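Just so it is clear, none of the values below were taken in a lab; they were calculated from the coordinates. On a predicted model such as this, the values are computed, not experimentally measured, just so you know. Don't worry about glycine lacking a Cβ; one is built from the backbone with ideal geometry, like all the others, and counts go over all protein chains shown.
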């Protein structure tokens with residue numbers, strides 16, 4: 001089968017031939033991809049971001065005593081498509097079902113609502129899973145307590161920001177306020193009337209992050225969540241042992257600063273979650289979440305999609321339609 005891949009970090013993606021995947025476990029399904037998104041993390045991975053730690057992780061997973069290369073690498077975090085084969089233990093899906101998934105295993109797959117296309121269905125899958133883990137799993141927001149909480153989001157125009165805003169509104173949040181990448185300290189100072197905020201989610205690396213803690217309550221069990229962890233970057237720079245030590249030091253330094261005022265701080269990541277995917281499917285079906293697609297590109301324009309997303313100035317998601 002055809003797949004866009006890299007054979008050297010920092011090089012352009014190229015169209016190569018890959019062996020068709022086969023089902024190896026009873027709980028797996030095989031999906032013919034109809035659409036997928038390109039995310040900034042995909043672009044950075046092709047540049048070698050995180051390879052030091054992720055290569056070690058692969059080595060451990062494969063129980064190998066020698067260094068393991070991740071090349072050639074096919075990037076991608078989500079998909080929408082049609083089930084073409086199911087494992088012996090799969091009962092939830094059958095051949096012909098249209099599904100949306102984040103790339104892990106069957107448990108993070110849901111049936112695509114009939115009222116959205118594959119392009120629309122996949123648009124916010126990965127970013128919603130990222131926002132869900134941050135706000136609902138780590139931040140402990142849910143449909144019961146959301147109406148009593150106020151949330152500030154840095155980077156509200158990006159993919160995770162767009163998903164987080166819609167997710168919070170679907171949960172009936174009391175108030176959600178977002179800043180864009182062009183924000184400055186004046187904006188934060190003017191947010192006093194909107195706060196105090198119970199939860200802050202930083203989707204981008206910005207000086208506003210630390211300053212915005214002033215907009216949180218004191219000793220009110222507030223939490224600042226940051227998707228900008230130094231773990232992969234520091235592991236690439238210093239090696240895995242020192243990189244993890246550096247990350248731990250920065251985390252404890254940041255946490256201690258917050259704890260002095262009775263606030264919490266935590267780095268968060270994308271973590272696949274079945275409950276999230278089920279919520280996402282229902283939200284798409286009901287219209288509570290709507291995909292914001294900046295550009296739809298054909299499969300053969302994948303390099304252009306990577307180039308576009310790599311500029312980090314999008315106003316919506318870039319989705320690749322495999323049928324075009």
Cubic angstrom per residue, convex hull over Cα atoms of region 128-267 = 103 Å³
query = Given the convex hull of the Cα atoms of region 37-156, what is a quarter of its surface area in nm²?
reply = 11.0 nm²
inquiry  = Given the DSSP H assignment, sum -39500 (n - 2.57) over each helix run of at least 4 residues in the chain and divide by its residue total; what's the result at 222 nm in deg cm²/dmol, nearest 500?
reply    = -9000 deg cm²/dmol
query = Helix 240-259: angle to the longest alpha-carbon principal axis of the chain, degrees 0 to 90, nearest 10?
reply = 30 degrees
query = So how do 11-21, 68-78 stack up, highest first, on mean other-Cβ count within 10 Å?
reply = 68-78, 11-21
ask   = Which one, (1) 1.33; (2) 0.98; (3) 1.02, gives Cα Rg over 2.2 N^0.38 Å as derived from the coordinates shown?
value = (3)
ask   = What is the spread of the Cα atoms of region 249-324 along each of their three principal axes, largest first, in whole Å?
value = 54, 33, 20
query = Restricting the count to DSSP beta bridges whose residues both fall in the chain, what percent are antiparallel, rounded to a multiple of 5?
reply = 50 percent
inquiry  = If I stretch the segment between residue 104 and residue 245 completely, what's the gain in nm (0.36 nm per residue apart, minus their alpha carbon distance), one decimal?
reply    = 48.0 nm
message = So if I take the centroid of the Cα atoms in region 205-276 and the same for region 71-122, what is the distance between those two points in Å?
response = 32 Å
task = Work out, step by step, the length gained on full extension between residue 278 and residue 312: first 0.36 nm times the residue separation, then minus their alpha carbon distance; give nm to one decimal.
result = 9.3 nm
query = What spacing in nm lies between the two simple spin-label points modelled at residue 169 and residue 288, each 7 Å away from Cα in the Cβ direction?
reply = 1.3 nm
remark   = Expected sort for 259-268, 57-66 on mean C-beta neighbours within 10 Å, highest first, is 259-268, 57-66
